[in-house]
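Asker: Before anything else, here's the structure in question.
The values are calculated or read from the model by the stated rules, or taken from the named source; none is laboratory data. Only a predicted model underlies this, so the values are computations on that prediction, with no experimental measurement involved. Positions of Cβ are backbone-derived with ideal geometry, glycine not excepted, and every protein chain shown enters the neighbour counts.
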Amino acid sequence: MSALRSGDFWSGMVLVSLGSYIIAEARSWMYMGPDGPGAGFFPLWYGIAMVVLSLLLVGRSAVLARPPRAVAWREVRRALLCWLAFMVSVALLKLAGFMMSFALLTWFLVAVMFRRPQRVALAMALGGALAFQLLFDVALGVSLPAGPWHG
């Protein structure tokens with residue numbers, strides 16, 4: 001069966017497992033509290049969405065089973081570079097704060113990975129970071145890691 005040789009099939013199976021684990025863990029957390037959604041609300045629904053979408057990926061790979069193709073190493077390198085950039089931005093959260101790490105990540109993805117002009121990359125980076133700050137800090141009252149910028 002060529003579906004078993006598909007990257008979509010196996011990545012879907014791994015994501016189904018991860019989503020199932022997230023659901024199992026989230027069920028032990030408070031779903032709804034007196035002030036609204038608890039710690040388990042978002043992870044539970046995130047896990048459910050992950051399982052459903054991953055099962056669709058697995059099913060699609062089984063229905064549209066194609067002969068395996070050669071590994072596109074350039075695409076693999078680009079995907080791994082995106083993951084590396086994401087990990088670096090997470091590592092920078094406490095050191096530089098959310099706005100700076102998110103802006104750097106956005107700039108990298110837009111300017112380097114998608115090769116857009118610097119003015120577009122900078123506008124996306126600054127606008128996205130500011131939008132997140134306004135949404136979470138101002139509108140929702142949820143503090144994001146500030147880094148050294150707020151004493």
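Asker: Looking at (1) part of a helix (DSSP H, G or I); (2) surrounded by fewer than 13 Cβ atoms within 10 Å (Cβ to Cβ), which one does residue 60 not meet, given that it meets all the others?
Answerer: Going through (1) part of a helix (DSSP H, G or I); (2) surrounded by fewer than 13 Cβ atoms within 10 Å (Cβ to Cβ) one by one, residue 60 breaks only (2).
Asker: Evaluate the range 84-100: report whether one residue or more is among the hydroxyl-bearing types (Ser, Thr, Tyr) and in the same structural domain as residue 144 (by TED's automatic domain parsing). Lay out the reasoning, then the answer.
Answerer: Let us first name the residues in the range 84-100 that are among the hydroxyl-bearing types (Ser, Thr, Tyr), namely 89.
Still in the list and also in the same structural domain as residue 144 (by TED's automatic domain parsing): 89.
Yes.
Asker: For the range 106-140, what are the residues that are surrounded by fewer than 14 Cβ atoms within 10 Å (Cβ to Cβ) and either among the polar types (S, T, N, Q) or within 19 Å of residue 93 (Cβ to Cβ) (or both)?
Answerer: 118, 130, 131, 134, 135, 140 - these are the residues of the range 106-140 that are surrounded by fewer than 14 Cβ atoms within 10 Å (Cβ to Cβ) and either among the polar types (S, T, N, Q) or within 19 Å of residue 93 (Cβ to Cβ) (or both).
Asker: Now, a different point. Name the residue, out of 100, 124, that is at pLDDT below 95, under 27 Å from residue 77 (Cα atoms) and assigned to a helix (DSSP H, G or I). Lay out the reasoning, then the answer.
Answerer: On the way: 124 fails: at pLDDT below 95.
Criteria check complete, one pass: 100.
Asker: Between 144, 95, which is touching a helix residue (DSSP H, G or I) at 6+ places or on another chain (Cβ under 8 Å), assigned to a helix (DSSP H, G or I) and either over 30 Å from residue 37 (Cβ atoms) or not β-branched (Val, Ile, Thr) (or both)?
Answerer: Values: 144 fails: assigned to a helix (DSSP H, G or I).
Unique residue meeting the criteria: 95.
Asker: Tally up the residues in the range 102-151 that are within 24 Å of residue 83 (Cβ to Cβ) and hydroxyl-bearing (Ser, Thr, Tyr), please.
Answerer: Adding up the residues that qualify gives 1.
Asker: I need the full set of residues from the range 58-97 which are polar (S, T, N, Q) and modelled with pLDDT under 90, in order please. Let's see the steps before the verdict.
Answerer: As a first pass, look at the range 58-97 and keep what is polar (S, T, N, Q): 61, 89.
Within the range 58-97, just 61 meets the criteria.
Asker: Follow-up question, since we're still on this one. Somewhere in the range 88-98, is a residue exposed (fewer than 15 other Cβ atoms within 10 Å of the Cβ), in contact (Cβ under 8 Å) with a residue 40 or more places away in the chain and under 21 Å from the mean Cα position of the chain (by Cα)?
Answerer: Our first condition is that a residue be exposed (fewer than 15 other Cβ atoms within 10 Å of the Cβ); within the range 88-98, this holds for 88, 90-91, 94-95.
From what's left, in contact (Cβ under 8 Å) with a residue 40 or more places away in the chain: 94-95.
From the residues that got through so far, the ones that are under 21 Å from the mean Cα position of the chain (by Cα) too are 94-95.
Checked the range 88-98: at least one residue is exposed (fewer than 15 other Cβ atoms within 10 Å of the Cβ), in contact (Cβ under 8 Å) with a residue 40 or more places away in the chain and under 21 Å from the mean Cα position of the chain (by Cα).
Asker: Separate question: Condition first: more than 19 Å from the chain's Cα centre (by Cα) and in a helix (DSSP H, G or I). Now tell me which residues in the range 131-141 satisfy that.
Answerer: Looking only at the range 131-141, we keep the residues that are more than 19 Å from the chain's Cα centre (by Cα), and these are 134, 137-141.
Selection gives 134, 137, 138, 139, 140.
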